[in-house]
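Have a look at the structure below before the remarks.
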Amino acid sequence: MSNTKVAVVTGAARGIGAATARRLAADGNAVAVVDLDESSCAATVSAIEDAGGRALAVGADVGDGAQVETAIARVAEELGAPVILINNAGIIRDNLIFKMTEADWDAVMAVHLRGAFLMTKACQAFMTKEKFGRIVNLSSSSAQGNRGQANYSAAKAGLQGFTKTLAIELGKFGVTANAVAPGFIQTEMTAATAERMGISMADFIAHSAAQIPVARVGQPDDIAATISFLCSEEAGYVSGQVIYVAGGPLD
Ligand code: NAD
């Protein structure tokens, strides 16, 4: 095990966030498992503890400044200074532009963009003080445009610009910032997309896999492994990058 650091993973109750929290704990970090309801974090925390790791369940809405402040203060007190931050919490409110409501737009911006901003602002204070930090923001292949996702694609493209600016501003403090942009990953989020499209998840997976060069859809652990590398000490010269993890080339 490497020397223990404290990681915060948002949206870690399930899906990519849960896999990432488990992986960062296996890498030797103490992990704050953040999601909307503290109780929903229990399964991820148990999995980490059962594997011999250290985890803390924290309930917070990442889009709410006061809740983020309280959550990060609690992490610092109970686990230590958070120097690894994974901005993973996300929602979809898909609709074609002519049917997309202001509420659909605002909800997506509040979680992905405002949430990443608030969490980063709270954690960077610890990272700059410790002269070490790793920030990974979850972008998406949808940043390149995706039917029915005007709000989500704008937020995920926005996170790429946010990431590059963090890399420029925080580099001199030993802090790197990178974005991981997954393609199709099999989670409850993609199951919801299948439902919106009126097809079964099995058909959605088969149809998608047929168009992916490695001939399969991705799993949460595929993303967790990439994030694990970006959070390692040896990744200190990789910053401001957008890494597509999509089973084939995207740029
Ligand atoms: P998921 O829906 O399975 O999990 C998302 C988690 O975020 C949930 O536990 C949810 O409760 C939590 N969350 C939502 N709003 C929150 C808030 N305001 N505060 C705190 N937590 C909140 O999604 P997933 O598929 O695991 O996706 C994780 C991330 O990866 C998201 O940012 C998503 O946009 C991105 N992503 C996913 C895919 C994919 O194919 N699944 C592809 C590209 C990008």
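The values are calculated or read from the model by the stated rules, or taken from the named source; none is laboratory data. Computed from a prediction, not measured in an experiment: that's the story for all the values here. Glycine gets a Cβ as well: all are built from the backbone with ideal geometry, and neighbour counts include every protein chain shown. Areas reflect the complete protein model, heavy atoms only, side chains present, ligands, DNA and RNA absent. Shrake-Rupley method; radii C 1.70, N 1.55, O 1.52, S 1.80 Å.
Beyond 23 Å, what share of the Cα-Cα pairs of the chain remains, rounded to the nearest whole percent? Write out the running numbers ahead of the final one.
Details: 14711 of 31375 pairs.
The answer is 47 percent, as a whole percent.
According to the square roots a ≥ b ≥ c of the eigenvalues of the Cα gyration tensor, what is the shape class of segment 66-157, taking rounded for a/c under 1.5, prolate for a/b larger than b/c otherwise, and oblate for the remainder? Numbers along the way, then the final one.
On the way: a/c = 3.79, a/b = 2.23, b/c = 1.70.
Taking the square roots of the gyration eigenvalues as a ≥ b ≥ c, segment 66-157 is prolate.
Just how far, in whole angstrom, is segment 80-99 from segment 147-205 if you go by their alpha carbon centroids?
8
Return an integer: the convex hull volume of the alpha-carbon atoms of segment 75-121, in Å³ per residue.
So the per-residue hull volume is 79 Å³.
Quote to one decimal, in nm, the extra length available between Lys131 and Ala73 on full extension: 0.36 nm per residue of separation minus the C-alpha distance between them.
This chain segment gains 19.0 nm when fully extended.
So how far, in whole Å, is the C-alpha centre of segment 208-242 from the one of segment 1-30?
15
Hey, can you find the accessible area per residue of the chain for me, probe 1.4 Å, expressed in square angstrom?
46
Semi-axes, largest first, in whole Å: what does sqrt of 5 times each Cα gyration tensor eigenvalue give for segment 4-92?
18, 15, 11
Can you check what the net charge comes to around Gly63, using other residues whose Cβ is under 12 Å from the Cβ of Gly63 (Lys, Arg +1; Asp, Glu -1)?
Result for the local shell: -2.
So how exposed is Thr176, as accessible area in Å² (1.4 Å probe, rounded to 10)?
10
Rounded to the nearest 500, what is the 222 nm mean residue ellipticity of the chain from helices alone, with -39500 (n - 2.57) per DSSP H run of 4+ residues and division by all residues?
That calculation yields -14000 deg cm²/dmol at 222 nm.
Taking DSSP loops as anything outside H, G, I, E and B, show the longest stretch in the chain free of chymotrypsin sites (Phe, Trp or Tyr not before Pro) there with at most 11 other beta carbons within 10 Å.
99-236
Report the charge-dipole magnitude of the chain in Debye, nearest 20, computed about the Cα centre from +1 at each Lys and Arg Cβ and -1 at each Asp and Glu Cβ. List each step's numbers first, then the result.
Numbers: 19 positive and 25 negative charges, 118 e Å.
The calculation lands at about 560 debye.
In segment 119-182, carbon and sulfur make up what percent of the accessible area (probe 1.4 Å)?
51
What percent of all Cα-Cα pairs in segment 43-92 falls in each 5 Å bin, counting up from 0?
Answer for segment 43-92: a P(r) of 4, 18, 22, 28, 19, 7, 2 percent.
When every alpha-carbon pair in segment 129-251 is counted, what percent end up more than 18 Å apart?
The calculated P(r) of segment 129-251 puts 56 percent of pairs beyond 18 Å.
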